[in-house]
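Read the structure below first, then the notes.
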Amino acid sequence: MVYTSSSYLAYVSNRPDFYYMLLHFSKVLIGIFFFILGYFIDLNILKRYTTHIFITSIILLILVLILPSPFAPEIRGAKRWLNLFIINLQVSDLYRMSVIFLISFFAKHLIDFKNYFLLFLLVLFGVFLIAIEPNLSTSAMISLIFLITAFYVGTNIISISISSLILVLLGIIGVLSFPHAMKRFSSTEAYQVLQSKVGLAHGGLFGVGIGEGKAKFLYLPDAHTDFIFSIIGEEMGFLFALFVSLLILFLVYRGLLVAIKLYKNNFEFSVLAFAISINIAIYTLAHISVVVGLFPPTGIPMPFISFGGSSFIVNSFLIGILYQLSRISRFQ
């Protein structure tokens, strides 16, 4: 789907039709390596270095904001990437992973009122750095992962309610402060969602055929990333799009079963399995919600389907860990 959704964009950019597909394929190969790494990594070592990973991700988020363009390129008015020459690293993906590790391996601290808010403020600082890149949608996704996982851990509902209220208020301030966020509700952005829904309607139950869709001809911006589910629906049809969605949600379901199996005998690993699963679920549902018009455009990729680099690699590493946890759960 990456090829068919990006071939026309490559053509009008004076690049070979398969340019984005080859880039994506290289990221897939790196993702496979990190999946294997996640499957075999010693989770106790990962726990030992969790704070180091978290602090490193915070430092990188700061560097993204202060480094000049050659090292931290500004794309469409946002500074979200570090130029590592072989790949532009979207540091918020690394931070998302570090938050998952932090709340999993320090899960017992989430039960205590003071420790919960200490962790909350630490996570909030990184969320704030991401928001001012600006990238409010990713900030919201990470915040949701934190809150839902805290609920699973057993954090007092009052603590969760207070932190949720704080995040909502900060979110409103963020939307009002950044012009790009207000534009999400403008007629231009509404046009994008309309084109997405037109593509889905055009596909019907069985689709118009691979490569035969029209939405990708620049009617739909970033069709290979932010709206790839619409391309799937148009070219492969509603039934195939539903199949892809259920396939990802089945992965989430299996991850949640792993979390339940580990809950009694290995609480931290249980929380880790839950947080990884919720992470995939939130991103999948957010992407689909944008495509069908429930949410304004957010720039959230669909896990394992959208063209992407750091997001695909981070998710591959996390799923590798989830498979390792599944193996561990068989002996519980």
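Please treat every number below as a calculation from the coordinates, not as lab data. Source: prediction; values computed, not measured. Ideal geometry is used to build each Cβ from the backbone, glycine not excepted, and the neighbour counts take in all protein chains shown.
By what distance, in whole Å, do the Cα atoms of the stretch 255-320 stretch along each of the three principal axes, largest value first?
42, 25, 13
Please state the charge dipole magnitude for the stretch 41-183, taken about the Cα centre, from unit charges on C-beta atoms (+1 on K and R, -1 on D and E), reported in debye and rounded to the nearest 20.
Working: 9 positive and 5 negative charges, 5 e Å.
It comes to approximately 20 debye.
Using every Cα-Cα pair within the stretch 48-124, state what percent have a distance larger than 17 Å.
50 percent
Ranked from highest to lowest mean number of other Cβ atoms within 10 Å per residue, what is the order of the peptides 168-176, 31-39?
On the way: 168-176: 13.3, 31-39: 17.4.
Packing order, densest peptide first, comes out as 31-39, 168-176.
Calculated FRET efficiency, ILE260 and PHE217, Cβ-Cβ r, R0 41 Å, to nearest 0.05? Please list the in-between numbers first.
Details: r = 46 Å, r/R0 = 1.12.
Calculated value: 0.35.
Calculate the length of the line joining the C-alpha centroid of the stretch 200-229 to that of the stretch 1-76, in whole Å.
Cα centroid to Cα centroid, the span is 24 Å.
Could you tell me how many degrees, from 0 to 90 and to the nearest 10, lie between the Cα long axis of helix 113-131 and the main elongation axis, the longest principal axis, of the Cα atoms of the chain?
The angle comes out at about 30 degrees.
Would you compute, from DSSP H runs of 4+ residues alone, the mean residue ellipticity of the chain at 222 nm, taking -39500 (n - 2.57) per run and dividing by the full residue count, rounded to the nearest 500? Display every interim value, and only then the final one.
Values: 14 runs with 230 residues, N = 332.
Estimated from H runs of four or more residues: -23000 deg cm²/dmol.
Any idea which of ILE111, SER164, THR50 is furthest toward the positive side of the dipole for the chain, if Lys and Arg beta-carbons carry +1 and Asp and Glu beta-carbons -1?
Of ILE111, SER164, THR50, it is ILE111.
Quick one: plug the Kirkwood hydrodynamic radius of the stretch 41-183 (C-alpha pairs) into Stokes-Einstein at 10 °C, 1.306 mPa s, and report D in µm²/s.
Details: Rh = 15.9 Å.
Roughly 100 µm²/s, to the nearest whole number.
Report, in degrees rounded to the nearest 10, the 0 to 90 angle that the Cα long axis of helix 91-105 makes with the longest principal axis of the chain.
Between the helix axis and the principal axis of the chain, the angle is about 30 degrees.
Report the charge-dipole magnitude of the chain in Debye, nearest 20, computed about the Cα centre from +1 at each Lys and Arg Cβ and -1 at each Asp and Glu Cβ.
On the way: 20 positive and 13 negative charges, 122 e Å.
With Lys and Arg at +1 and Asp and Glu at -1, about 580 debye.
Where in the stretch 67-126 are there trypsin sites (Lys or Arg not before Pro) that are in a DSSP coil and have at most 11 other Cβ atoms within 10 angstrom of their Cβ? Can you show the working numbers first?
Working: sites: ARG76, LYS79, ARG80, ARG96, LYS108, LYS114; in loops: ARG76, ARG80.
Those that pass, being in a loop and sparsely packed, are ARG76.
Of all alpha-carbon pairs in the stretch 100-155, indicate the percentage at a distance above 19 angstrom. All intermediate terms of the calculation are to be shown ahead of the outcome.
Numbers: 375 of 1540 pairs.
Cα-Cα pairs of the stretch 100-155 separated by over 19 Å account for 24 percent.
Using the Cβ atoms and a cut-off under 13 Å, what net charge is assigned to the surroundings of SER316, where Lys and Arg are +1 and Asp and Glu are -1?
Details: positive: LYS27; negative: ASP93.
Local net charge: 0.
How about LYS214: which lysines have a C-alpha closer than 19 Å to its C-alpha, ignoring those fewer than 8 places off in the same chain?
Within the straight-line cut-off, LYS214 pairs with LYS197.
Using the beta-carbon distance between LEU194 and PHE117 and R0 = 35 Å, what value does 1/(1 + (r/R0)^6) give for FRET efficiency, to the nearest 0.05? Before the final figure, lay out each step's value.
Numbers: r = 43 Å, r/R0 = 1.22.
Between LEU194 and PHE117 the formula returns 0.25.
LYS47: which lysines have alpha carbons under 23 Å from its alpha carbon, excluding same-chain residues fewer than 8 sequence positions away?
List returned: LYS108, LYS114, LYS261, LYS264.
Taking Rh as the Kirkwood radius, which is the inverse of the mean 1/r over Cα pairs, what is the Rg/Rh value for the chain?
Values: Rg = 19.8 Å, Rh = 20.6 Å.
Computed over Cα atoms, the ratio is 0.96.
Check each of the chymotrypsin sites (Phe, Trp or Tyr not before Pro) in the stretch 230-332 and keep only those in coil by DSSP with at most 11 other C-beta atoms within 10 angstrom; list them in order.
On the way: sites: PHE238, PHE240, PHE243, PHE250, TYR253, TYR263, PHE267, PHE269, PHE274, TYR283, PHE304, PHE307, PHE312, PHE317, TYR323, PHE331; in loops: TYR263, PHE304, PHE307, PHE331.
Taking the stretch 230-332 and a limit of 11 other Cβ atoms within 10 Å, the loop chymotrypsin sites (Phe, Trp or Tyr not before Pro) found are PHE331.
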